[in-house]
Amino acid sequence: MLLKRQYLASYVHVKLHHQKEDYRKIWSHYSPTPIWKKDSAKLCCAVYAFHFFHVLACMKRPQGRGLESARKHLASCMTELDSILKSADFIRSCFGESCEGDIDDKTTASGREPIGFDAMLNSRLSAPTPPRAIKILSWKKAVEYFVKLLHDLDVICSYPLDPHLESLLRFVVQFQKSQPDLVARSHLQLLLVQDGKLYGRDPFFAVITKAAALPEATKNHDIQKNESILQLGMLVMNLLKILCTNTAWQRRKHGKFLQDWRVIYVQLELAFRNEFGEVSSSSNDENISMKIFQHILLWVEEQTYWIAFRFLILGFELELYSTSEYCMVYWYLYAVLTKLAEKTHLKIAVSYDTAKRKGKKKKDSPKDLARESRIPPAVLFLQCYICLSEGLTMILAALRNEILVFQSPGPFNTEQEKFVQHFELLQRACIPDHVSYPSYKESTTHARFSTLAMYNYFKDAQRIAREVKSSFSNDPDRLAELRKLEQVAEHNSVAQNLICRLGALDPSLKVSFELSHHPFFATVVVKRS
């Protein structure tokens, strides 16, 4: 049966191409008007469908083996779609006055009502749900939808299947910024997780050891049979699946998922202590099992804070925070980012120390000491985030304390209740430790314009963004992010100086916060009313 289908598909493919050429030849002899274009548009649709289904079939092949073939079919899809678009004007002209009006709202290329389709059919046949209007996409929007879908699928097919988890997570996060459709996100998930392995080929323990900066030889260690390690592999697999969902579902799952990461950290720490005792009492650096536990514990902590960071910034994308709540959000973001930078720096230092011991150098050279004392670019990148978060927290707190703006009076919720609503899931997982509403109030109550004038965090962010650019010259996404951060820091630095000079003296000065230059770091806008 399968062979029959494949033969039929190939036959149709060949016939469609030949038939399209035959139409052009015949009608060019017998008719001055290119009537063949009407039928050619139908053939283009059929050929497009043929290539599109081949794209989906190729992308489902195990271990990404069909990605190259899928890209070829995607190119053919774009060609056929372009032919369909070019034939639209001719099709409309065939119907004369009947297609007058706004063609953008029509559901067919000709502008006439579709035959055999009822917009209310799905509403009547759907499962018992509240009645809702189902709007069919216009022809123009339908074509735009498929153009974007083809582009998103091409981005997935062009990914080199990098086994490094950090690069993979960055790719998925960057891909989600384009707001891909469910079809594209589903195929990305199917590519990433196959048969309980990354890309269907790399066991998740090997992926974790690589992410934790462990030697290549450790990926086959017997410690992978440990129950906690097996659960950690499942968590990483579920993390990839969650990152492929829509933004709202992703944030909801991240919040609940954090407790699982916190629990697995505690379980790994207990297993480590039961097997090796206290870290300080052990001096056996050559014990490979102990090294694996140490590296993985550090990596789990870093990953937990990265998920918490994602949870917080997705709230901006979903517009869950009002301007009056920005102060507490940026304060919590500052606390999470500080911990994330600390764990990232520690992980890099430990991996550098491991590589150094592996080299068995007897004496440190001046170059090695200088390299060791430098802050890694990844940590400086996070430090830029930290400075912006702290600067925005302080300027918002000073505005609230000095001129009583951006407060959160509410007839239904107090500020503490809003704090709990936004950060309850983080608080349950104790991320970070010893962070609570009283500590937030204590940190922001004494902020004043005079204290803002003493130190400008935005200047630090601007300086770090400029300095670290050279380290990411081969990473266009990071460079683009640094440019945005530098732009926000520059605007906010000028705005802070102006507010400190005139804020309390000029009542006509109006301050607002806009997400115009960056998706989650607000730009301070100062105007006179």
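Here are a few things to note about the model shown:
- Percent accessible area from carbon and sulfur atoms, region 472-525, protein chains only, probe 1.4 Å: 53
- Region 483-517 and region 433-472: distance between their alpha carbon centers, rounded to Å: 15
- Each 5 Å bin, from zero up to the one with the longest distance, holds this percent of the alpha carbon pairs of region 194-269: 3, 14, 23, 24, 19, 11, 4, 1.
- Extent along principal axes [Cα atoms of region 388-529; Å; largest to smallest]: 50, 44, 26
- F146, F449, ranked by accessible area, largest first (probe 1.4 Å): F146, F449
- Gain upon complete extension [R61, R483; 0.36 nm per residue less C-alpha separation]: 148.0 nm
- Ligands, DNA and RNA left out, the accessible area of region 376-427 computed with a 1.4 Å probe is 57% carbon and sulfur.
- Accessible area per residue, Å², region 187-300 with all protein chains present, probe 1.4 Å: 46
- Measuring with a 1.4 angstrom probe and ignoring ligands and nucleic acids, M78 comes out at about 80 Å² accessible.
- Using alpha carbons only: equivalent-ellipsoid semi-axes of region 135-195, gyration tensor based, whole Å: 26, 11, 10
The values are calculated or read from the model by the stated rules, or taken from the named source; none is laboratory data. Every value quoted in this text rests on a predicted model; they were computed, and no experiment measured them. These accessible areas exclude ligands, DNA and RNA; they are computed on the full protein's heavy atoms, side chains included. Shrake-Rupley method; radii C 1.70, N 1.55, O 1.52, S 1.80 Å.
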